[in-house]
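Chemist: Pasting a structure here, questions to come.
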Amino acid sequence: MMKKIMGAVLIVVAFMFILTACGSGSDKASGSKDTSSGADGSSDSSEENILRMATSADFPPFESRTPEGEYEGFDIDLANLVAEELGYELKIEDMKFDGLIGSLQSGRVDMVMAGMSTTEDRKKNVDFSTEYNRSGEMFISKPDAGIDSLEDLKGKTVGVQLGTIQEEGAEKLKDEYGFEVKKLDSANILIQELNSSRIDVGYMDKSVAKGYVKEQGLEGFDDPTTSSPGMGIAFPKGSELVDDVNKVLKKLEENGKLVELKDKWLSEE
Ligand code: ARG
């Protein structure tokens, strides 16, 4: 009897030994795949705590960078609140707006916040949180250009940011109103092009346009044709984060933090 028990114990111990050996073996394997994360002592669990977000930081007051390179804006503050509530460390990556959806699809990042409108088209490729803000569209030009209605766009060149709903919108309007569309990589470039008269008009998000109008002494008029969907946080299709983030957004709405952020960044109205 005693012998039998001893035998069983031995077998169990042997099993445990094999299991541990396998475990550390695979640890090593994954460690050697990514030496950079091993080198600074960060373990797998700290990797899991990072929320990777992509944005296109050319869109004040939603996201831009200070001369020192620090991210700032409504989306940045909101992203930080969301990350904090969910216990993540936020890591932001800056890229062209046009590449954001792709970065979600390839799994390069976990979410995108870039003043992104929750269009039906995009919903085919990504999932969105509930909307956290609504804006409209505006046409802006230099002060003495005399462009204050759609009819005035005839024969003009209208700049839009590549991949935005404004690009799509301008494409729809250009034949009816007889203007050319110039597609630009970033909103910053768009403003530069306007200031140096390489385009006559910029077509962009109203909250963003209003900031530039004020800051750069430009002029503009509201687009009477659009009613664009609100802005949402985008995730890879099927991401489990959507529900968690929606709960946080609801909480931030209820406890007044969202309004606080709007007052801080979007109070230009
Ligand atoms: N709301 C527009 C869209 O979703 C423009 C967003 C541009 N965002 C940016 N960060 N440049 O298409």
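Chemist: Once amide H atoms are built 1.01 Å from N in the peptide plane, which residues 5 or more positions from Met95, or in another chain, come under 5 Å H to H?
Modeler: Here the answer is Thr55, Ser56, Ala57, since their amide H atoms fall under 5 Å of that of Met95.
Chemist: Follow-up question, since we're still on this one. Using only the alpha carbons of the stretch 40-137, determine the length spanned along each of the three principal axes and report them from longest to shortest in whole angstroms.
Modeler: 48, 34, 25
Chemist: Per residue, how big is the convex hull around the C-alpha atoms of the stretch 137-222? Give it to me in cubic angstrom, could you?
Modeler: 75
Chemist: Once all Cα-Cα distances of the stretch 184-269 are split into 10 Å bins that start at 0, what whole-number percent is in each one?
Modeler: Binned Cα distances yield the sequence 13, 32, 30, 20, 4.
Chemist: Test of understanding: ordering Leu51, Leu241 by Cβ neighbours within 10 Å, fewest first, what list do you get?
Modeler: Fewest to most other Cβ atoms nearby, the residues stand as Leu241, Leu51.
Chemist: List, in the order given, every pair from Lys214/Lys251; Lys154/Lys262; Lys172/Lys210; Lys214/Lys250; Lys91/Lys251; Lys96/Lys154 whose Cα-Cα distance in the structure shown is over 25 Å.
Modeler: On the way: Lys214/Lys251 33 Å; Lys154/Lys262 36 Å; Lys172/Lys210 23 Å; Lys214/Lys250 32 Å; Lys91/Lys251 22 Å; Lys96/Lys154 29 Å.
Violating the 25 Å Cα-Cα cut-off are Lys214/Lys251; Lys154/Lys262; Lys214/Lys250; Lys96/Lys154.
Chemist: Among the trypsin sites (Lys or Arg not before Pro) in the stretch 148-240, which ones are in a DSSP loop with at most 11 other Cβ atoms within 10 Å of the Cβ? Mind listing them?
Modeler: Numbers: sites: Lys154, Lys156, Lys172, Lys174, Lys182, Lys183, Arg198, Lys206, Lys210, Lys214, Lys237; in loops: Lys154, Lys156, Arg198, Lys237.
Taking the stretch 148-240 and a limit of 11 other Cβ atoms within 10 Å, the loop trypsin sites (Lys or Arg not before Pro) found are Lys154.
Chemist: Would you compute the Debye intensity of the stretch 122-164 from its alpha-carbon atoms alone, equal scatterers and no solvent, and pass along log10 I(q)/I(0) at q = 0.33 Å⁻¹ to two decimals?
Modeler: The Cα Debye sum returns log10 ratios of -1.31.
Readers should treat all values here as calculations from the given coordinates under stated rules, not as data from a laboratory. Here the structure is a predicted model, which is why all the values come from computation and not from measurement. No Cβ is skipped: glycine too gets one built from the backbone with ideal geometry, and neighbour counts run over all protein chains shown.
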